[in-house]
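Heads up, the thing below is written out as structure tokens.
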Amino acid sequence: DRAQSLFGRLRVVVLKNVHKSPLFSMEERLEMLREALPGRKGVSVGAFDGLLSDYVKKNQVGIIIRGLRAISDFEMEFQMALMNRSLAPDIETFFMMPSVNYTFLSSNVVREVAGLGGSVEGLVPGLVSRKLRAKMGASKKAKNP
């Protein structure tokens, strides 16, 4: 909401990262994003693989918006922003801080809480919470026949 109020149009993209094993498929992740952002004029959702700088140049995006939850995020995000600038000098990276209520959240924390049977209601959109419960329930049954 804050990024859209600053920039008007917003493209939310998900990286197809071959070095990670996400809990949800790319299709599921895009579906959840679309449901979390319904009817938002000027907001689109998509996916890419490869370099973000290549995606940004190809799609004529001028600004990358990244979130910083904690100081520990800063070093890696700073390095990525400088590398992106090196690869695409016309691109700017803006960092945005989360609301205080979400500073402690990460996908790992949410996954761990959900996996241990805890509630993530209010921490993630409703669809994400439901899909986590379904996926975690299915994985528990598979581990404990």
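The values are calculated or read from the model by the stated rules, or taken from the named source; none is laboratory data. Quantities reported herein were computed from a predicted structural model and do not represent experimental measurements. Note that we place each Cβ from the backbone using ideal geometry, even for glycine, and neighbour counts take in every protein chain shown. Surface accessibility is based on the protein's heavy atoms, side chains included, excluding ligands, DNA and RNA. Shrake-Rupley method; radii C 1.70, N 1.55, O 1.52, S 1.80 Å.
Brief remarks follow.
- Accessible carbon and sulfur surface of the chain relative to its total accessible area, %, 1.4 Å: 57 percent
- In this simple spin-label model, placing a label point 7 Å from the Cα along the Cα-to-Cβ direction at both L87 and R9 gives a separation of 2.2 nm.
- Rg/Rh (Cα only; Kirkwood hydrodynamic radius) as it applies to the chain: 0.98
- Most mobile of K16, K58, K135 in a GNM of the chain (Cα contacts under 10 Å): K58
- Helical mean residue ellipticity (222 nm; -39500 (n - 2.57) per DSSP H run of 4+; nearest 500) of the chain: -14500 deg cm²/dmol
- Å² per residue, accessible surface of the chain at 1.4 Å: 70 Å²
- Between S21 and D49, the modelled label-to-label distance comes to 1.8 nm, taking each label 7 Å out from Cα in the direction of the beta carbon.
- Hull shadow area, averaged, segment 38-117 [alpha-carbon convex hull, nm²]: 7.3 nm²
- Segment 1-41 versus segment 64-104: alpha-carbon centroid distance in Å: 17 Å
- Projecting label points 7 angstrom from Cα along Cα→Cβ for N108 and Q60 puts them 4.0 nm apart.
- Kirkwood Rh in Å, taken over segment 23-81 so that all alpha-carbon pairs contribute: 13.8 Å
- Entries in K20/K131; K20/K58; K16/K131; K16/K57; K20/K57; K20/K135 that, when Cα-Cα distance is taken, lie over 22 Å: K20/K58; K20/K57
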